[in-house]
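Before I ask anything, here is the structure I am working with.
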Amino acid sequence: MGSVIIENMTKQFGDFTALHNINLEIQEGEFFALLGPSGCGKTTTMRCIAGFEHPTSGKIKIGDKEVEKIPANRRNCGMVFQSYALFPHMNVFDNVAYSLNIKQLNASNPVKQLGIYARLLSKRLGRTPKDIQEKVMEILKYVELDQHAERLTSELSGGQQQRVALARALVMEPAVLLMDEPLSNLDQKLRHSMRNTIRTIQQDLGITTIFVTHDQEEAMSMADRVAVMDKGNIVQIGTPTELYSNPLTPFIADFVGTSNILDVEVVDHNQLNGLTTLKGDSFLLQSTNTIEKKQAKAVIRPEHIQVLPYDTAVNNEEVTVLEGIVVMSTYLGPTVRYDMKVGNQEMIVDTTYSSGTSIFEEGRKVKLSIEHGRVLLI
Amino acid sequence: MKARFNGLSVVKIFIYAFFGLFLIIPLLAVFLISFTNEPVNIIGTFTDPAVFSSTIDKLKAINLENYRQIFSNAGYLDSLKNSLSLALVVMVLVILICIPLAYGIARTNMPFKKTISALCTIPLIIPTFISAYAFIIMFGRAGWVTYFYEMLGGEGMLIDPYSMTGIILVQVFFFFPYALWPLVAAFKISDVTLEEASLNLGAKNWFTFIFVTFPLAIPGIISSALLIFTVSFSDFGTPIVLAPKDLNLMVVEAYREISGFFNWGGAAILTVIMIIVAALFFWLQHILTKGKNYGSVSGKPKQQKMVTNKVVTRSLSVYSFIIVLVPLLAMLSVLLQSVATTWGKDLLPSGYTLKHYQTIFSTSLGNIQNSIVLAIGALVLSVIIATFVSYFVVRQNSAKMDFMTSIPLVVPGIAFGIALIQTFNVAPLQLTGTAILLIIAYTIRRLPYMVRSTMGAMRAIKQDIEEAAINLGATPLTAAITVIGPLLLPGIAAGSVLVFITVIKETSISILLAPPEWAPMSLAIFQNILRAEYYSAAAMSVILVALVLVLQGLASYIGKKQRL
């Protein structure tokens, strides 16, 4: 087990800089997610840790060892590939036993090595030692696949293949577990239950885990901390709640959850009540937050806007009230999403839907109420 | 990492050198000779100053006179015309014959569909010169068909096998499977929804076939037609056995120029023209199939509505049996002849004996041995080269290497043979008449098939499988032995069986290049036919076909195992 520290890592492919000066400190036992759109460098970062790519400059430490000179096959990072990369010519048992066999092979003299090669190529030529057998069956039981040990991997379902890949990586007792978009090949329902399975196993074993994904929901629901990446840079590192409630850039506000991001001009900051007045395209907003810049962006989550009938009288000092027109309403079951127009500004509003309430029809004039504290400034 | 890269670079240079020496230089030499009209020793030019100066003199004398003469030479011009019209007629007939057959297999529930499909592979395993010879047994002056024909009141022969008609018939009945399977795929392109849409719009069934199903199959039909054209144009086995003296065909003419008259210039010009025509049609076919990978063959199978109308399916079935009956009867005739004491102008032989096989095993065992040794040599060389070539093409995206190893596909065997003889019959690399040149020629000619087979297997192994092994602690060598090797093996095995079979069947290269002490079975049969020793030719043919059948069975067994 170990921590992972990356210092000033840069990776270039020819003229293209895939990673700009990456710095990361991942604690021992932490579940850490690398989140970002495709091409942001998250997979490259992981491949550098695994040793499949070599950083152009910078350092990587696993535990307290610098791994720069250690080849990929001796880094002891268990990896779960996006495609699972199960060996198609081996059954479940042999896939999981592979790393243990290799360990034994590397520790043997040349004559014994021949025997192990023979055994790996054909089962008729030798038996797997008892200690390996026991270890493999133990981990297979752990991922609930002991019944399928003799099956070919192609005969398994997606979720089962995923668990074989996980077991294969875990059996070598890796210092770090690396997972590259492991859930992207599963269907929606399975993905949910696999999230729980992976999180439970990780907690249970207390293994340092780095998880690459482009799905913010996945990262937020599983990870202790998340690093959001964009165009080869780390934009923000934080716990899921920090990222959601305090995005540092419009990119994160938009990528982590949905946001209304409005261009505003800071008109005034009232020292007495602590309110900042903002002038938008065709509206005035107030916020309890402050910012130094003149031109800023106001970020408002859709669920933080309340929709009220136009004739409602609002007597609340804590909120800004805007007038809007419903452009479209989409019924999503528990919530209703409105596309609104406030002057020329488009806004998205999510309201919870409980039976009995009516949905504002399109074209209707409504009032929108926004708490001052919910208006973030970036 | 670096050392491995360097090692592979050396291998790459070796492969380029091999192809350069044994494919590019010979083709270049033929091209030059077609202008100089005299042999040019390209390799000698760079090693021997005397040869160098003579080459320069020859190059100075280059002119188009030779080509001009050729086009005024009625013989050559005739042979081009004849070859083109032969290929054209065969192409049209094959497509006409195949359309109902392919439609029956692809879109109807005709009875005995599986049996018919299986029988349709027979022609592919028989070398064409044996098919041609089988036609002599059937339609010749003393053939049983001729006997039948006269019994029914006909006069003379029904069809003279020694004629253009004979050649056309042999090629049509033995080349049609090359077009059949692409056509079956083409008829499966049309989706049931399209046809139902047409019916829904008020069209009748036949109308739907003519205006929906058939037009969708047209690209496939044209592409198969071009393929048949190239195959027919390049075929040497049929014309060399059946072409009468007064019928000029390019392949035969080229063979006669080189083996009879040692006319280098003439052979070179014929070779150049042959390659240009074959390459042109191959290229046309390539553009047509490019991007149209018969969507229905791979990926999600489309739903097809099968025609169940009994009148249609039964007549298609009967028709199909008639088509596959011809090659089947041809093979049976060879089999009968091989066990006949004598078989004159009669329906059946007058008696049966195994004496011809005895003769073969006592006197011609050497030919069988030669065939096997040569085929194994070509196989080993192909496996080594193809494995590396597919590695370079798949993992390093080496388009140049891909192109170079595809060149042999467009060079007719007889043309390649002539090019090799011209290049290697003089010092410093005098290889003509050696087994080595024969093996190299077989290897280069059949390498494209081998490369395709191993490349497919290599493509199926994704990069991350290799990475997974390394991630789990394996060194690159261990990963190669325990993961990549076992996964690549089926592709190599299937490819090598294919190489072995095609080398044993190979006619043109064997006839041109094999020295007497290395004569393979195909050459022995050919000589027996020329010497009118028909019974031993038949016995040897049966052994050859049996050998191919066994290997083909082995290949499909491996293929089945591979898919599991």
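If the chain between residue A:318 and residue A:12 were fully stretched, how many nm would it gain, using 0.36 nm times the residue separation less the Cα-Cα distance?
Net length gain for the segment: 105.1 nm.
Sticking with this structure for a sec: For chain A, what does the helix formula give at 222 nm: sum of -39500 (n - 2.57) over DSSP H segments with n ≥ 4, over the residue count, nearest 500 deg cm²/dmol?
-8000 deg cm²/dmol, from helical runs alone.
Determine how large the accessible area of residue B:446 is when every protein chain is in place; take a 1.4 Å probe and give Å² rounded to the nearest 10.
About 30 Å², rounded to the nearest 10.
Now a separate question. Suppose all protein chains stay in the model; what accessible area per residue would a 1.4 Å probe give for the range A:127-202, in Å²?
Per-residue value: 49 Å².
Using a Förster radius of 25 Å, what is the FRET efficiency between residue B:308 and residue A:188 based on their Cβ-Cβ separation? Nearest 0.05, please.
Efficiency, rounded to the nearest 0.05: 0.05.
Let me ask something else about it. Kindly sort A:54, A:372, A:20, A:148 by accessible area of their heavy atoms, largest first, with the probe set to 1.4 Å.
On the way: A:54 105, A:372 10, A:20 75, A:148 40 Å².
So, going from the largest accessible area down, we get A:54, A:20, A:148, A:372.
Related question: Before anything else, pin down the relative contact order of chain B: Cα pairs under 8 Å, at least 6 apart, normalised by residue count, whole percent.
Once divided by the residue count of chain B, the mean separation gives 19 percent.
Same structure again: Let's see if you can work this out: charge +1 on each Lys and Arg Cβ, -1 on each Asp and Glu Cβ, no other charges. What is the dipole magnitude of chain B about its Cα centre, in debye to the nearest 20? If you can, show how the numbers build up before the last one.
Details: 36 positive and 23 negative charges, 353 e Å.
It comes to approximately 1700 debye.
Residues of the range A:67-104 losing 40 Å² or more of accessible area relative to the isolated chain, 1.4 Å probe, heavy atoms only?
Those residues are A:73, A:81, A:87, A:89, A:98, A:102.
Mind grabbing the interface size between A and B? I mean buried accessible area, both sides, 1.4 Å probe, in Å² to the nearest hundred. Walk me through the intermediate numbers first.
Details: alone 19390 and 26010 Å², together 43420 Å².
Adding both sides of the contact gives about 2000 Å².
Give, as ranges by residue number, the residues of the range B:378-400 whose backbone N falls under 16 Å from the point 7 Å along Cα→Cβ of residue B:13.
Nothing falls inside the zone, counting backbone N under 16 Å.
How much FRET efficiency would the formula 1/(1 + (r/R0)^6) give for residue B:372 and residue B:341, where r is the Cβ-Cβ distance and R0 is 22 Å, rounded to 0.05?
Once the sixth-power term is evaluated, E becomes 0.15.
Would you compute, for the Cα atoms of the range B:369-435, the largest minus smallest coordinate along each principal axis and list the three values in descending order, in whole Å?
38, 27, 25
So what are the three principal axis dimensions of chain A from its Cα atoms, in whole Å, longest to shortest?
Here the Cα extents, ordered largest to smallest, are 87, 49, 35 Å.
Place +1 on the Cβ of every Lys and Arg and -1 on the Cβ of every Asp and Glu in chain A, take the dipole about the Cα centre, and give the residue among A:81, A:192, A:333 whose Cα lies farthest towards its positive end.
Result: A:81.
Right, here's the next one. Apply the a/c threshold of 1.5 to the C-alpha gyration tensor of the range A:337-378 and tell me whether it is rounded, prolate or oblate.
Cα axes put the range A:337-378 in the oblate bin.
If I model a spin label as a point 7 Å beyond the Cα along the Cα-Cβ vector, how far apart are those points for residue A:365 and residue A:346 in nm?
Going from the residue A:365 label point to the residue A:346 one covers 2.4 nm.
If you don't mind, another one. In whole Å, what three semi-axes, largest first, describe the equivalent ellipsoid of chain B built from its Cα gyration tensor (square root of 5 times each eigenvalue)?
37, 34, 26
Could you tell me which of rounded, prolate or oblate describes the range B:73-341, using a ≥ b ≥ c as the square roots of the eigenvalues of the alpha-carbon gyration tensor, with rounded for a/c under 1.5 and, failing that, prolate when a/b is larger than b/c and oblate otherwise?
Values: a/c = 2.52, a/b = 1.42, b/c = 1.78.
Cα axes put the range B:73-341 in the oblate bin.
Report the equivalent ellipsoid semi-axes for the protein assembly as shown in whole Å, largest first, defined as the square roots of five times the eigenvalues of the gyration tensor built from alpha carbon atoms.
70, 36, 30
Mind running the shape call on the range A:305-378? Use the C-alpha gyration tensor, a ≥ b ≥ c as the square roots of the eigenvalues: rounded below 1.5 for a/c, prolate if a/b tops b/c, oblate otherwise.
Verdict is rounded for the range A:305-378.
Let me ask another. Accessible area of residue A:307, 1.4 Å probe, to the nearest 10 Å²?
Probe radius 1.4 Å; accessible area of residue A:307 about 20 Å².
Next question. Roughly how much of residue B:12 is accessible, in Å² to the nearest 10, using a 1.4 Å probe?
50
Could you sort B:264, B:518, B:283 by their accessible area in this structure, using a 1.4 Å probe and putting the largest first?
B:283, B:518, B:264
Rank B:384, B:159 by accessible area, highest first, at a 1.4 Å probe radius?
Sorted by accessible area, descending: B:384, B:159.
The values are calculated or read from the model by the stated rules, or taken from the named source; none is laboratory data. In this text the structure is predicted, and so the values were computed from the model without any measurement. Glycine gets a Cβ as well: all are built from the backbone with ideal geometry, and neighbour counts include every protein chain shown. Ligands, DNA and RNA are stripped out before the accessible areas are found, and what is left, the full protein with its side chains, is counted by its heavy atoms. Shrake-Rupley method; radii C 1.70, N 1.55, O 1.52, S 1.80 Å.
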